[in-house]
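What follows is a set of notes on a single structure, which appears directly below.
The values are calculated or read from the model by the stated rules, or taken from the named source; none is laboratory data. Nothing here was measured: the structure is a model prediction, and the numbers come from that model. Reconstructed Cβ throughout: ideal geometry from the backbone, glycine too, with neighbour counts over all protein chains shown. Please note that ligands, DNA and RNA were not included when accessible areas were found on the heavy atoms of the full protein model with its side chains. Shrake-Rupley method; radii C 1.70, N 1.55, O 1.52, S 1.80 Å.
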Amino acid sequence: ALETGSACCYAGRNEVGAMTRPGDTEMERHGRLLGSRLFERHRQVEVVLSRGVLAWRETEESDRRSSGIGGVRETAHSHAVQVCEIVAVRQTKDDDQDNTETRRSRKKAKQLSKLYPHAFTANRPKRLLVYINPYGGKRRGKRIYEQKVAPLFRRALISADVIVTQQANHARDHLKTEANLDKYDGVVCVGGDGMFSEILHGLVTRTQTDNGVDQNRPDAELVPCSLHIGIIPAGSTDCICFATVGTNDPVTSALHIIVGDSQPMDVCSVHHNDIFLKYCVSLLGYGFYGDVLTDSEKKRWLGPARYDLSGVKTFLSHNYYEGSISFLPAENNMGTPRDKLQCRSGCCVCQYKPSSKDQQWEMSAKKEKPDEDGSSGWSVIQGEFIAINAASMSCACPRSPKGLSPSAHLADGTTDLILVRKCSRLDFLRHLLRHTNKDDQFDHSFVEVHRVRKFRFQPHHEASSLEDLSESPKKTGFRPTCSARPTCNYSAAHSSWNCDGEILPHAAIQVR
């Protein structure tokens, strides 16, 4: 049954067959997506779905051809409705009012389904667990849900249990211990990237605990979660929503949830030695982005504007950090970080899965196991860096429509490791500006990018106080970014990692 406010069409059963014949000129102009023979009560109708219109018209059966597909003769009774006017699609229920006519229609539908084997059934969520962060972004989460999302859920016959979080990690802790997940088809977060991270950690941790997986083991094989996570954007940047959906509009996200759209995502595990720290789905940033987050946390009272102020301050400081990066390159991948191939639904790179018999894949898997010296298959880079970023998705947002790594993929089992070496302040500004335009942001001599499956970072700790800097800069390990320009600022001993908007307590990490 299709609810449009003005029309209701009963399809017999929740199945749609393959196309039956070419549509009219209007359908061809809009681009036909699906076509099928369905039933409206006892009358057969031909239904055609295009990108903009859902149309159906009554038909009369004629002699069936030997192929089993019947010919049709168009009649004058036709109807159409704009796709944008469709409010809900629901499966009709069997009840006491089921009459002989309806049963006859269903029997006929079953017979026709055998003639059109290329059928699909849409699975939409019926019960959702919703967490609302009332403090994130501009504190509009509760209003966005009540005014824009809840009416759509009700119209689509989706029941929702709503929890308004009271403090940090409320949603994570509730999912880990209290929530009865068997009741729900999915979990929805209304908030920003931090709220999504909370729910991700709660679900993943709950799943590993229930299956006896030790998360502190860096090589542990994690068990995938059975529930999907829906995102209603209501935060400061909404990077994860923007990078997966393409916009940060709450109504668009609600409609994706209603129709049952899903998109697999890579998750990185971050460890310090044998201690689990965090899961990451978007950005791991050391240096520039770590410093921006560290400084902005002191200015939370400013709201989203704190990121602008901290960004300018960090840029002017122009710190760089010494360290060693070792990584395992992603071999046999169909994509590279600079191939201009953006990830979309049905992405060929994310769908590419080498068979277990693939000899090259097996050799690559062996390289993951290091030799006694821990070097087999791994590349090592040492130096001084302004920024070290690992992007598991494009990290696009309204201010950076292409993101930090425009060709990063959502579900290919890799992350793009971006190394920005020590450079002048002007060169670094040019690099940052390319995040906002269409120029290749990796086309600089001081920037390199690698698609990797694992990496490790070890900072060169040479801790000292700022008082020692003016007396003996060589002994403290602080060096000017540009030796020819003594006015440049000096670097601190080490930075912090920005993990999806959260500061990690350790700088030396292992990422998988």
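So if I check each of 230, 246, 186, 192, which one is closer than 29 Å to residue 349 by Cα and touching a His at 6+ places or on another chain (Cβ under 7 Å)?
On the way: 230 fails: touching a His at 6+ places or on another chain (Cβ under 7 Å); 246 fails: touching a His at 6+ places or on another chain (Cβ under 7 Å); 192 fails: touching a His at 6+ places or on another chain (Cβ under 7 Å).
After applying the criteria, what remains is 186.
Find all pairs meeting these conditions: Cβ atoms under 6 angstrom apart; at least six residues apart or on different chains; first residue within region 229-254 and under 15 Å from residue 138 (Cβ atoms); second residue in a helix (DSSP H, G or I) and aromatic (Phe, Trp, Tyr).
Correct list of pairs: 248/242.
Mind listing whichever residues of region 332-346 are out of contact with any Gly (no Cβ under 9 Å at 6 or more places or on another chain), more than 19 Å from residue 387 (Cα to Cα) and open to solvent by less than 60 Å² (accessible area, probe 1.4 Å)?
332, 335, 339, 346 - these are the residues of region 332-346 that are out of contact with any Gly (no Cβ under 9 Å at 6 or more places or on another chain), more than 19 Å from residue 387 (Cα to Cα) and open to solvent by less than 60 Å² (accessible area, probe 1.4 Å).
Go through the residues of region 459-466 one by one and say whether even a single one is at pLDDT below 95, in contact with a helix residue (DSSP H, G or I) (Cβ under 9 Å, 6 or more places away or on another chain) and within 22 Å of residue 242 (Cβ to Cβ).
No, region 459-466 contains no residue that is at pLDDT below 95, in contact with a helix residue (DSSP H, G or I) (Cβ under 9 Å, 6 or more places away or on another chain) and within 22 Å of residue 242 (Cβ to Cβ).
Got a sec? Which of 186, 235 is touching a strand residue (DSSP E or B) at 6+ places or on another chain (Cβ under 6 Å), closer than 20 Å to residue 124 by Cα and small (Gly, Ala, Ser)? Steps first, please.
Working: 235 fails: closer than 20 Å to residue 124 by Cα.
Just one listed residue meets the conditions, 186.
If you scan region 394-416, which residues turn out to be in a loop (DSSP other than H, G, I, E, B) and either surrounded by fewer than 20 Cβ atoms within 10 Å (Cβ to Cβ) or of a type in the set (D, E, K, R) (or both)? Outline the logic, then answer.
Going residue by residue through region 394-416, those that are in a loop (DSSP other than H, G, I, E, B) are 394-396, 398-399, 401-414.
Once the filter is applied, which keeps residues that are in a loop (DSSP other than H, G, I, E, B) and either surrounded by fewer than 20 Cβ atoms within 10 Å (Cβ to Cβ) or of a type in the set (D, E, K, R) (or both), region 394-416 yields 398, 399, 401, 402, 411, 412, 413.
Provide a single number: the residues in region 263-299 that are without any contact (Cβ under 8 Å) to a residue 60 or more places away in the chain and among the hydroxyl-bearing types (Ser, Thr, Tyr).
Residues meeting the conditions: 1.
For region 284-306, indicate whether the set of residues that are under 17 Å from the mean Cα position of the chain (by Cα), buried (at least 17 other Cβ atoms within 10 Å of the Cβ) and either within 29 Å of residue 213 (Cα to Cα) or not charged (D, E, K, R) (or both) is non-empty. Reasoning before the result, please.
Kept after step one, since they are under 17 Å from the mean Cα position of the chain (by Cα), are these residues of region 284-306: 284.
Checking which are buried (at least 17 other Cβ atoms within 10 Å of the Cβ) leaves us with 284.
From what's left, either within 29 Å of residue 213 (Cα to Cα) or not charged (D, E, K, R) (or both): 284.
Yes, region 284-306 has at least one match.
Tally up the residues in region 145-164 that are surrounded by 20 or more Cβ atoms within 10 Å (Cβ to Cβ) and either over 30 Å from residue 296 (Cα atoms) or modelled with pLDDT under 95 (or both), please.
Our first condition is that a residue be surrounded by 20 or more Cβ atoms within 10 Å (Cβ to Cβ); within region 145-164, this holds for 145, 149, 153, 156, 158.
Now restrict to residues that are either over 30 Å from residue 296 (Cα atoms) or modelled with pLDDT under 95 (or both): 149, 153, 156, 158.
Number of matching residues: 4.
Of everything in region 394-405, what is within 19 Å of residue 447 (Cβ to Cβ) and either at pLDDT below 90 or not polar (S, T, N, Q) (or both)? Give them in sequence order. Spell out the reasoning first.
In the first step, residues of region 394-405 are kept if they are within 19 Å of residue 447 (Cβ to Cβ); the result is 394-396, 400, 402-405.
395, 396, 400, 402, 403, 404 - these are the residues of region 394-405 that are within 19 Å of residue 447 (Cβ to Cβ) and either at pLDDT below 90 or not polar (S, T, N, Q) (or both).
Looking at (1) closer than 23 Å to residue 502 by Cβ; (2) assigned to a helix (DSSP H, G or I); (3) open to solvent by less than 70 Å² (accessible area, probe 1.4 Å), which is the one condition that is false for residue 313?
So residue 313 meets the others, but not (3).
List every residue pair whose Cβ atoms lie under 7 Å apart, where the two residues are 6 or more positions apart in sequence or sit on different chains, the first residue falls within region 132-146 and is of a type in the set (Gly, Ala, Ser), and the second residue, located anywhere, is in a loop (DSSP other than H, G, I, E, B) and open to solvent by less than 20 Å² (accessible area, probe 1.4 Å).
136/192; 136/234; 136/235; 137/192; 137/234; 137/235; 141/234
Are there any pairs with C-beta distances below 8 angstrom linking a residue in region 430-450 that is closer than 11 Å to residue 404 by Cβ and touching a residue at least 60 places away in the same chain (Cβ under 8 Å) to a residue that is outside any helix (DSSP H, G or I) and of a type in the set (Ser, Thr, Tyr), with the two at least 6 apart or on different chains, and if so which?
Listed pairs, sorted by first residue: 449/405.
Could we say that residue 365 is at pLDDT 90 or above and not β-branched (Val, Ile, Thr) here? I'd like the intermediate steps shown before the answer.
On the way: at pLDDT 90 or above: no; not β-branched (Val, Ile, Thr): yes.
Taking the combined requirement at face value, the residue does not satisfy it.
Looking only at helices (runs of 4 or more DSSP H) that fall completely inside region 187-283, which ones have 1 or more residues that are more than 19 Å from residue 173 (Cα to Cα) and open to solvent by less than 60 Å² (accessible area, probe 1.4 Å)? Outline the logic, then answer.
Numbers: elements: 193-210, 239-245, 250-258.
Output list reads 239-245, 250-258.
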